[in-house]
Amino acid sequence: MLNPIHSAKSIWGRSCRREMFALLLVFAITILISHSAQGQTFSVLHNFTGGSDGATPNAGLTLDRAGNLYGAASSGGGGGCGGCGVVYKLRQVHSGWLFTPIYTFQGHANQDGEEPIARVVFGPDGALYGTTGSGGAGGACIEGCGTAYRLTPPATACKDALCPWTETILHSFDISDGAGPGYGDVTFDVSGNLYGTTIGGGGWMSGCIESGCGAAYEISPSIGGWSTSMIYSFANGSTNLPWSGVIVDSSGNLYGTTNGGGEARSGSIYELSPNGGSWSQIVLYSFLGGNDGGYPLAGLVADGAGNYYGATPFRGANGGGTIFELSPIGGGWNYSVLYSFTGHEGPITSLTLNAAGNLYGTTQSDGSNRLGSIFQLTRTNGSWTYTSLHDFTGGTDGGYPVSNVVLDSNGNLYGTASAGGIAGGCGGYGCGVVWEIAP
């Protein structure tokens with residue numbers, strides 16, 4: 001079972017240890033398990049089999065305006081690497097959900113990506129964008145250093161349920177400009193430029209992991225194609241290993257976290273600002289690895305007042321990680337812990353902030369069974385109340401969620417769990433599920 005916390009290197013190099021999965025095709029399907037959780041209803045919408053539908057859905061989900069769900073499974077699906085991963089769509093049909101793979105990755109041998117471990121997101125042009133942790137045409141990594149890609153639906157109406165979308169490789173990383181795009185989403189600025197990070201590679205080629213300390217990049221649309229530039233190279237002895245992606249403010253500044261570096265070597269929160277054709281970094285906060293938490297893997301979310309929210313999977317007052325807020329104050333920043341987890345490993349992916357200012361997320365190995373949980377933090381009279389919405393059992397409900405949480409207009413929550421489910425295989429852990437919590 002993949003534990004994505006302990007080694008950044010283990011993510012984008014994981015394909016050399018990938019298991020072969022059974023080629024069983026299961027598409028549709030209706031809700032397979034349902035029970036009450038804290039007054040709400042938890043349901044499984046799809047059980048992955050490790051066949052053509054994919055396996056190990058580390059990535060979270062994205063909603064379109066019609067309420068359809070899109071996601072990525074990091075393995076399975078066939079392809080040239082014994083299961084290179086798939087991008088899929090879930091569409092509600094009557095009382096059930098129809099699962100359709102819309103793209104199957106072919107792997108490094110075919111100069112395609114493999115291991116899509118980050119979420120797909122919609123760009124300003126309505127296409128889906130994402131990254132793969134390995135694969136691509138870059139030859140400096142044994143199995144490719146990863147890709148950034150774009151998926152577009154068929155130009156005409158497709159009568160075949162298996163009708164694939166069209167992929168365009170925007171960039172194949174090659175260590176010198178980055179290696180292994182992490183779990184964070186790509187993001188767009190108002191001009192349609194795409195930004196993201198890699199956990200390895202970059203200009204500093206030693207001292208963090210064997211491929212480097214990570215990079216931030218920009219991919220811009222140009223006439224007839226796309227142009228890519230490395231806008232910042234993280235370094236040993238400074239901030240490094242940017243596991244999460246970045247978010248962008250109205251001035252074009254980027255904000256994110258690093259798993260390593262900082263004054264106490266316990267990670268950091270940083271800002272990247274454009275400055276006359278180059279980019280400069282400011283460290284907004286260095287984690288101490290104590291009651292404040294440490295080694296963040298999750299990225300940031302922002303509210304309308306300029307406050308940033310995030311999480312750490314480790315340390316904190318109770319040892320299980322923290323949820324924090326970073327607020328602007330007097331020309332500087334104030335860091336405060338909103339909640340400290342008592343479990344095993346806290347959140348490793350970005351939180352979700354709803355219109356009421358409540359926070360939602362998952363933990364990978366927390367919860368009463370140490371198999372992960374889904375939680376809500378509610379702001380009430382200046383304080384925060386923690387509610388566990390579901391504790392995974394590792395059985396038919398899934399286990400070890402690595403995804404974020406998304407909410408629709410009716411208050412339903414959606415996400416994935418990377419293991420568990422009813423299907424056998426996948427090393428005996430189960431191949432993962434897509435879940436829903438309905439109010």
Any idea which of Gly421, Gly372, Gly415, Gly427 is touching an Asp or Glu at 6+ places or on another chain (Cβ under 9 Å), under 26 Å from Glu325 (Cα atoms), of a type in the set (Gly, Ala, Ser) and in contact (Cβ under 8 Å) with a residue 60 or more places away in the chain?
Gly415
Restricting to region 208-228, name every residue that is among the hydroxyl-bearing types (Ser, Thr, Tyr) and either buried (at least 17 other Cβ atoms within 10 Å of the Cβ) or touching a residue at least 40 places away in the same chain (Cβ under 8 Å) (or both).
Ser211, Tyr217, Thr228
With a cut-off of at least 2 residues that are modelled with pLDDT of 95 or more and under 20 Å from Gly245 (Cβ atoms), name the strands (runs of 3 or more DSSP E) lying wholly within region 69-174.
69-73, 128-132, 147-152, 166-172
Among the residues of region 148-158, are any of a type in the set (Lys, Arg) and without any contact (Cβ under 8 Å) to a residue 24 or more places away in the chain?
no
Does Gly184 meet the test of being modelled with pLDDT under 90 and under 21 Å from the mean Cα position of the chain (by Cα)?
yes
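If a residue must be over 19 Å from Gly146 (Cα atoms) and at pLDDT 95 or above, how many such residues does region 56-66 contain?
Total satisfying the criteria: 4.
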Might you let me know whether region 332-349 holds any residue that is over 25 Å from Asp185 (Cβ atoms), surrounded by fewer than 15 Cβ atoms within 10 Å (Cβ to Cβ) and out of contact with any strand residue (DSSP E or B) (no Cβ under 8 Å at 6 or more places or on another chain)?
yes
Just for region 207-223: of the residues that are polar (S, T, N, Q) and over 12 Å from Asp177 (Cα atoms), which one is farthest from the chain's Cα centre (by Cα)?
Ser222
Is there a residue being buried (at least 24 other Cβ atoms within 10 Å of the Cβ) and closer than 22 Å to Gly432 by Cβ anywhere in region 149-167?
yes
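The values are calculated or read from the model by the stated rules, or taken from the named source; none is laboratory data. The shown structure was predicted, so the numbers you read here are calculated from the model rather than taken from an experiment. So basically every Cβ, Gly included, is an ideal-geometry build from the backbone, and we count neighbours across all protein chains shown.
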